[in-house]
Every structure is written in C-alpha cells, then in structure tokens.
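As structure tokens, the structure follows; a few thoughts come after it.
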Amino acid sequence: MAKFELTDIHSLILSAAATRPDGNLLPPPEGLGELSEQLRASYSDLVRHKFAAEIETDASDQIWRSEEGKTYGLVLTDKGKAAAAEQTPAVAKTVKKIDTVFDLLRREQGATLTELVDATGWLPHTTRAALTRLRKKGHVIDKATRDSATCYSITAAA
C-alpha cells in the first residue's frame, strides 16, 4: 500500500485543529473558505487514514455529516495530533509566505512575479497558483505593467 502524503490543505486543517482545546477539525481554518466538495475530500482523506475520527455533535459550525437524525463532527486522533505537531513549522512557514505575498501585493506599486518569487522562494508556477487561489477566494488582483514586467496588486480584499 502506498504511503499517504499530507497535502498543504491537510496540514493546515490538522494544525488548526491542534490549536483548538477540543481538537475539532471544523469549522475549516481561516482562509480555506466554506466546506466545499474539494475541502470535504480532504477531510475524508484524514478520516480514512485515521488522522481524524467522527463524533456526535450538536454544534452547527462543527457538523461534518448527518445521518438518521444524528449529526457528526470530526476531531483529531492521536495520529492526527502527532502529524499536526510535525507539520506546524512547515504550515507556519507557508502562512508567513502568504503574509509576505499580501504585503507585497498591497504596496502602492504592487509586485512583479520576480519580486514575489524572490520573497517566497517559490517557483514561478507555484507563485502564479497562489495568485489564482487568492482570486478564487474573492481577492481582486489587478495586473499592470512596470518597467516592461507584469505587476500584480490587490485592489479589494475578499
């Protein structure tokens, strides 16, 4: 059986749950948005690989699924807690990089792709993907030209 690899989304979910006293995985961490089908798939992965377990809950913001009049949420298992502890430095680093991207995009002159790549250490295609994710989250990102290079800036927040 192939080893299960945690994605960045899995790591963010686990790390956020580890900071909650009750270990709940829901609601989703800030920035991941609503419980979309793609996000549901990530939660399903965590349950299937025993990083999380279902529990009954009445808290409306912690409902994962309902069946026969009962509602269920998700909590960290011991395996999930251990994985969160291992992932926390990497997740913190990723969040710090996103903050750096926001800071650069909020400058009056915005930021070029090269400036974003230099500041984050990401590859250009990863940086472009991050910009796309920001757009999908509702941020308005304008493009302009500065010294013959495309320059990006956030004009409205989500």
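Laboratory data are not the source of any read-out in this text; all were calculated from the coordinates shown. Fair warning: this is a prediction, and the values are worked out from it, not measured in the lab. A quick note on method: Cβ atoms are made from the backbone with ideal geometry, for glycine too, and the neighbour counts reach across all protein chains shown.
So the values come out like this:
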| quantity | calculated |
| --- | --- |
| With Cα atoms, 0 to 90° folded angle of helix 37-48 axis to the chain main axis | 50 |
| Only Lys, Arg (+1) and Asp, Glu (-1) charged, at Cβ; the chain dipole about Cα centre in debye | 440 |
| Helix-only CD estimate at 222 nm, as mean residue ellipticity for the chain, using -39500 (n - 2.57) per DSSP H run (n ≥ 4) | -15500 deg cm²/dmol |
| Most mobile of Pro29, Pro124, Pro21 in a GNM of the chain (Cα contacts under 10 Å) | Pro21 |
| For Ile55, distant residues with modelled amide H under 5 Å away | Gly73, Leu74, Val75 |
| Least to most buried among Val117, Val75 (fewest other Cβ within 10 Å first) | Val117, Val75 |
| Sorted by Cβ density within 10 Å, fewest first, the residues Glu37, Glu54 | Glu37, Glu54 |
| Calculated from backbone phi, Karplus (6.51, -1.76, 1.60) coupling profile of segment 52-57 in Hz, x at Gly/Pro | 9, 9, 7, 9, 6, 8 |
| Positive-end extreme of charge dipole, segment 1-125 - chosen from Leu104, Gly80, Trp64 (charges on Cβ) | Gly80 |
| Sequence of Ser153, Ser36 once ranked by neighbouring C-beta atoms within 10 Å, starting from the fewest | Ser36, Ser153 |
| Choice from Leu25, Leu76, Leu35 showing the highest fluctuation, given a GNM over the chain with Cα pairs closer than 10 Å | Leu35 |
| Amide H contacts under 5 Å for Arg65, placed H, 5+ residues apart | Tyr72 |
| Debye-sum result for the chain in log10 I(q)/I(0), which assumes one identical scatterer on each alpha carbon, at q = 0.09 Å⁻¹ | -0.37 |
| Calculated from backbone phi, Karplus (6.51, -1.76, 1.60) coupling profile of segment 129-141 in Hz, x at Gly/Pro | 4, 5, 5, 4, 4, 5, 4, 5, 7, x, 6, 8, 10 |
